[in-house]
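**Q** Before I ask anything, let me first share the structure, which is written out below as structure tokens.
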């Protein structure tokens, strides 16, 4: 193939051209470059474009290394093979063509970000992996990280190692990071929970002492810029036991998230033998209750999360639907109805505060049934459909999950209920279609309702875990009975170790609810005192 040299070139910025210029600063303005070639009619020019944050020479090497030759069809075939290999750990049988498109597109989206930029880090030299475009962990810790842990364990291990290395060099973990820059935080320091999830699930090859130092830094040291990294309002959190309205924006959801972040640190402290830290952070994990106002009522239900002032007084002019604003002082991408269900570390205490299991189920029904309370376009609702299981009503979880998957997710333009947020929405729907969902940061999964008659996961340890949904259909969404490796299985939750051991979970599906499950509800580790 003959190589051609451009006869002229230049760059442009906004509406101004700069002929003969090789570079221009963007300054947040639209910028670009052009090349002119001396060509004849219908002649085609093929280009490779290399990108690097390090140097022009590195960009050239990236282009030569990543794309061999100028055979477009071969490049396309290589990309197709790479993605087929990445998706191969999940095989499914059954489902409609639309359901299959939705499912594998969702898994594909989960793998797009963060981006592996190992070898192209302009900030420091390291033997550790380097990943960028965490956009953002506030979204992805809930389901994307746990999904990769099952089907792409090596990638998730590299992501965690990259996060720890970012801490080593920049002294804080990111919540969001893009263009080699930390920022912006949205709620808690949720990299803590992502790391705790990897810890309790035993991901190999991670320096856990450094990882623990990173999460403790979030919990103890206030950052210079709380919009960039770390936790804002940390002093109030440590002394008052909640984030005050005066201390930080989004004080409601940050209180709830800090409690869960500290729960993850308690889990790590337990595993690392740090008993004093375990006790301290386990206590902080219960501090969400300091924003629970038993006297506040809405829609016939009493007791809601309500922001309060530094002097202890409750926020006035407050409703249970306040929130969702970027710079608000209450909640972010949710409201008090949403965040009054967010205590993944202690659902048992949450149920007691709501008045018991029956009242809790009624409250969940009211949350989903009344418009304006539940927002399926944002991540804070992700775990809520599965909370019925703690109240002994797994069939209602099946109904809610099935309804959301079939009414709010479609393989069309605009077919997601909200911004996919680096695959967060996609990973929620993928787990839902598989029939189980993680309680992120813990080692359990909640069983919902499968979409496929068979799903086989090839795990990071080489074993396979199969979910077989006998007689499943759009109407047969209820589990009548279950067997794990041929033995009766009577809990609506399963531990990570049971999945990683491999085997078959057989579900007998029916069109009406049954008395399954008959076993205990999932653990509530704070109430249980972190007992195994």
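**Q** Scan region 94-114 for residues that are in a helix (DSSP H, G or I) and exposed (fewer than 15 other Cβ atoms within 10 Å of the Cβ) and jot them down.
**A** Within region 94-114, 97, 98 qualify.
**Q** Specify which of the listed residues (469, 440, 492) is crowded, with 20+ Cβ neighbours inside 10 Å, closer than 30 Å to residue 134 by Cα and either in contact (Cβ under 8 Å) with a residue 24 or more places away in the chain or within 15 Å of the chain's Cα centre (by Cα) (or both).
**A** 440
**Q** Residue check, residue 455 against (1) closer than 23 Å to residue 257 by Cα; (2) touching a helix residue (DSSP H, G or I) at 6+ places or on another chain (Cβ under 7 Å), all met but one. Which one?
**A** Unmet for residue 455, out of (1) closer than 23 Å to residue 257 by Cα; (2) touching a helix residue (DSSP H, G or I) at 6+ places or on another chain (Cβ under 7 Å): (1).
For every residue, the table says whether it meets (1) at pLDDT 90 or above; (2) under 28 Å from residue 159 (Cβ atoms).
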residue: 12; (1), (2): yes, no
residue: 18; (1), (2): yes, no
residue: 22; (1), (2): no, no
residue: 25; (1), (2): no, no
residue: 66; (1), (2): no, yes
residue: 74; (1), (2): yes, no
residue: 103; (1), (2): yes, yes
residue: 108; (1), (2): yes, yes
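**Q** Can you tell me which of (1) surrounded by fewer than 20 Cβ atoms within 10 Å (Cβ to Cβ); (2) touching a helix residue (DSSP H, G or I) at 6+ places or on another chain (Cβ under 8 Å); (3) part of a helix (DSSP H, G or I) is the one residue 388 doesn't meet?
**A** Of everything listed in (1) surrounded by fewer than 20 Cβ atoms within 10 Å (Cβ to Cβ); (2) touching a helix residue (DSSP H, G or I) at 6+ places or on another chain (Cβ under 8 Å); (3) part of a helix (DSSP H, G or I), residue 388 misses just condition (1).
**Q** Might you check whether a residue that is more than 21 Å from the chain's Cα centre (by Cα) and more than 22 Å from residue 138 (Cα to Cα) occurs anywhere in region 246-262?
**A** Within region 246-262, one or more residues are more than 21 Å from the chain's Cα centre (by Cα) and more than 22 Å from residue 138 (Cα to Cα).
**Q** More than 18 Å from residue 357 (Cβ to Cβ) and at pLDDT 95 or above, is that true of residue 530?
**A** Against the criterion (more than 18 Å from residue 357 (Cβ to Cβ) and at pLDDT 95 or above), residue 530 does not qualify.
**Q** Let me ask something else. I'm checking my understanding of the structure. Among residues of region 132-164 that are in contact with a strand residue (DSSP E or B) (Cβ under 6 Å, 6 or more places away or on another chain) and not in a helix (DSSP H, G or I), which one is surrounded by the fewest Cβ atoms within 10 Å (Cβ to Cβ)?
**A** Among those that are in contact with a strand residue (DSSP E or B) (Cβ under 6 Å, 6 or more places away or on another chain) and not in a helix (DSSP H, G or I), it is 133.
**Q** Please go through region 15-39 and pick out each residue that is part of a loop (DSSP other than H, G, I, E, B) and either in contact with a helix residue (DSSP H, G or I) (Cβ under 8 Å, 6 or more places away or on another chain) or loosely packed, with under 11 Cβ neighbours inside 10 Å (or both).
**A** Answer for region 15-39, where residues must be part of a loop (DSSP other than H, G, I, E, B) and either in contact with a helix residue (DSSP H, G or I) (Cβ under 8 Å, 6 or more places away or on another chain) or loosely packed, with under 11 Cβ neighbours inside 10 Å (or both): 15, 20, 22, 23, 25, 26, 27, 28, 30, 38.
**Q** Could you list all residues from region 248-265 that are surrounded by fewer than 24 Cβ atoms within 10 Å (Cβ to Cβ) and either more than 25 Å from residue 313 (Cβ to Cβ) or in contact (Cβ under 8 Å) with a residue 40 or more places away in the chain (or both)?
**A** Answer for region 248-265, where residues must be surrounded by fewer than 24 Cβ atoms within 10 Å (Cβ to Cβ) and either more than 25 Å from residue 313 (Cβ to Cβ) or in contact (Cβ under 8 Å) with a residue 40 or more places away in the chain (or both): just 249.
**Q** May I pose another question? Checking residue 382 against (1) without any contact (Cβ under 8 Å) to a residue 24 or more places away in the chain; (2) crowded, with 21+ Cβ neighbours inside 10 Å, only one condition comes out false. Which one?
**A** For residue 382, the exception is condition (1).
**Q** Check off (1) surrounded by fewer than 16 Cβ atoms within 10 Å (Cβ to Cβ); (2) over 21 Å from residue 106 (Cβ atoms); (3) touching a strand residue (DSSP E or B) at 6+ places or on another chain (Cβ under 7 Å) for residue 462 and give me the number that stays unchecked.
**A** (3)
The values are calculated or read from the model by the stated rules, or taken from the named source; none is laboratory data. Keep in mind that this is a model prediction, so the values were computed, not measured. When we count neighbours, we look across all protein chains shown, and the Cβ atoms used for this are built from the backbone with ideal geometry, even at glycine.
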